[in-house]
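For reference, the structure discussed in these notes is given below.
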Amino acid sequence: MTKDEAFAKNLELSFEFDRYLIEHPKFAEKIPFEALVVLLPKYDHELCEYNLKIAAKNSEPEQPVVYVEIDGVKPEKSRLLRLKLKLAENGDSRKPMIKKRLYSKAA
């Protein structure tokens, strides 16, 4: 695994972990102040090993280390609601038939 691949995977994992902490403040309270948090995705052995190796290099003496084992990540879902698909009139993609309705002010 390259550094760039690990960075990209850890960026996504860190974002999801931050979101989890916001949604579960009691879990966040269990993490000691100034702890080194090591994310260990059980579903990605290579990233897990990479993170352990980096943590060993980056931990300070006397610094608390917290290992967070992650079983998986749910698939991302779109937050868009009730989409409708409208085709342009007569196959002319430059003139969508819904343009007036989208941009006209309500009476």
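Segment SER78..ASP4, full-extension length gain: 24.0 nm, with 0.36 nm per residue of separation and the alpha-carbon distance subtracted. Per-residue extension of 0.36 nm, minus the Cα-Cα distance of LYS30 and ALA88, leaves a gain of 15.3 nm for this segment. Amide H contacts under 5 Å for ASP44: none, restricted to partners 5 or more places along the chain or on a different chain, H placed in the peptide plane at 1.01 Å from N.
Global size of the stretch 34-80: 13.7, 47 Å for Rg and Dmax (C-alpha atoms, Rg to one decimal, Dmax whole).
Expressed per residue, the C-alpha convex hull volume of the stretch 3-70 stands at 84 Å³.
For the stretch 27-49, the residues whose backbone nitrogen is under 18 Å from a point 7 Å from the Cα of VAL66, taken along Cα to Cβ, are 27-42.
Just so you know, all these numbers are worked out from the coordinates, no wet-lab data involved. Because the structure is a prediction, the values reported are computed rather than measured. When we count neighbours, we look across all protein chains shown, and the Cβ atoms used for this are built from the backbone with ideal geometry, even at glycine.
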